[in-house]
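Report on one structure; see the data block that follows.
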Amino acid sequence: MSSFSDNFKRDSEEDMLEYDDSAFYYFSISILSFILIPVTYYQVAQMLQGQFSTEITKGQCKCTACTARLNVKQRQARASIFTTKNLFKVACLGLVWYVWYLNAVKVASIESLQSFDPFAILDVPNDATQRDIKKQYRKLSLSMHPDKNPDNPLAVQEFIRLTRAYNILTDETAFENFKKYGNPDGPGSYNVGIAMPRFLLEQDNQVLFLCVAFFILLVVIPGLIYYNFMEDTQRDEGGVHLENKKHYGAKLNENMLVKNMPLMLAQSIEMQAMGAKNQEEVALLKKIKENEEIADLLPKTNSSKTAKMNLKPLLLLLAHCLRDDNVRNPIF
């Protein structure tokens, strides 16, 4: 059975693709920068959106009620920055930025992209004689032979590079082509490398690499798509929630009474998601509910739709319509 590393090799060892660590780190940091910069900007803007909205409204009205309400909104905006959802997003971004930093450290330590330099491969000076080149080749070929390095998955590739470097420096035509065109085969030919790190070929890392790849493909990517586009699938082309559209379509007709409008609006998906933030709000909602005019407009029968209904939006709507003083409290 072939090993995992065989999938990255050509049929002929002479045509084996080279794994270029430095190219991988350059490619990786480019892709991460392309993704991280706009995503980070978007996330920070979303977290500070409440702050920006309160700064815009600041100074529009100096009355006591508006100033008190603005102060409450500012406190709520600051508190919304440190929600569990935002902290999770920041932690994920921080982790990916840390990966970017590790790549940046690697890139900073790379002098240049990997190139084929026969003198460097044989570790001889550029003015070395043929005798020195042959002597060095014999020395290195003995120590770098694949039979003497069975635990190195790149031993064959490195030995081929060594032999190729030797052939270039000992063949006059090949050496002239290398000096003139950058390769021993003359113009028109080129070498192809894989911008992937060499550790992927190590036997101990093969299973881990496959597990990480499958996790990203089968869990992370589908999860991100679901998380970001789930809300869009629940709305029509005009941005109206499908449940609201269904609800309004059944309720709105020529026989509907005006006094039932607040109840219909309060049953929308968005308003039902408005929960009481603290005990002070609960106490004020109870006071509003004690208003006899408001109590008369509340649902009298418990149907399947009103039994578990959140009354906060309905109470606020009715309190605004009937000018109840409790609704002016800055807590709301």
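Would you pick out the residues in segment 120-140 that are surrounded by 14 or more Cβ atoms within 10 Å (Cβ to Cβ), in a helix (DSSP H, G or I) and within 47 Å of the chain's Cα centre (by Cα)?
Scanning segment 120-140 gives Ile121, Leu122, Leu140.
Of the numbered conditions (1) modelled with pLDDT of 85 or more; (2) outside the structural domain of Lys134 (by TED's automatic domain parsing); (3) farther than 26 Å from Ser28 by Cβ, Ala165 fails exactly one; give the number of that condition.
Among (1) modelled with pLDDT of 85 or more; (2) outside the structural domain of Lys134 (by TED's automatic domain parsing); (3) farther than 26 Å from Ser28 by Cβ, Ala165 violates only (2).
Among what's in segment 271-300 and is among the basic types (Lys, Arg) and within 18 Å of Leu322 (Cβ to Cβ), pick the residue that is surrounded by the fewest Cβ atoms within 10 Å (Cβ to Cβ). Outline the logic, then answer.
Initial filter on segment 271-300 (among the basic types (Lys, Arg)): 277, 286-287, 289, 300.
This time we only want the ones that are within 18 Å of Leu322 (Cβ to Cβ), so: 286-287, 289, 300.
Numbers: Lys286: 11, Lys287: 15, Lys289: 16, Lys300: 8.
Among those residues, the one meeting the criterion is Lys300.
May I ask you to say which residue of Leu297, Leu285, Leu263 is in contact with a Ser or Thr (Cβ under 9 Å, 6 or more places away or on another chain) and under 28 Å from Arg328 (Cβ atoms)?
Step by step, each of Leu297, Leu285, Leu263 is checked, and only Leu263 is in contact with a Ser or Thr (Cβ under 9 Å, 6 or more places away or on another chain) and under 28 Å from Arg328 (Cβ atoms).
Just to be sure I understand the filter: pairs with C-beta atoms under 7 Å, separated by 6 or more residues or on different chains, first member in segment 244-266 and polar (S, T, N, Q), second member surrounded by 11 or more Cβ atoms within 10 Å (Cβ to Cβ) and at pLDDT below 80. Which pairs pass?
none
Each row is one residue, and each column tells you yes or no for (1) within 27 Å of Arg235 (Cα to Cα); (2) assigned by TED's automatic domain parsing to the domain that holds Leu315; (3) outside any helix (DSSP H, G or I); (4) among the small types (Gly, Ala, Ser).
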position: Tyr248; (1), (2), (3), (4): yes, yes, no, no
position: Met261; (1), (2), (3), (4): yes, yes, no, no
position: Gly275; (1), (2), (3), (4): yes, yes, yes, yes
position: Val282; (1), (2), (3), (4): no, yes, no, no
position: Ala295; (1), (2), (3), (4): no, yes, no, yes
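Scan segment 41-63 and give yes if some residue there is within 24 Å of the chain's Cα centre (by Cα), modelled with pLDDT of 70 or more and among the hydroxyl-bearing types (Ser, Thr, Tyr), otherwise no.
Of the residues in segment 41-63, the ones within 24 Å of the chain's Cα centre (by Cα) are 41-50.
Filter once more, so that each one left must be modelled with pLDDT of 70 or more: 41-48.
Subsequent filtering for residues that are among the hydroxyl-bearing types (Ser, Thr, Tyr) retains 41-42.
Checking segment 41-63: at least one residue is within 24 Å of the chain's Cα centre (by Cα), modelled with pLDDT of 70 or more and among the hydroxyl-bearing types (Ser, Thr, Tyr).
The values are calculated or read from the model by the stated rules, or taken from the named source; none is laboratory data. Just so you know, these numbers come straight off a predicted model, no measurement behind them. Note: ideal-geometry Cβ built from the backbone for every residue, glycine included; neighbour counts use all protein chains shown.
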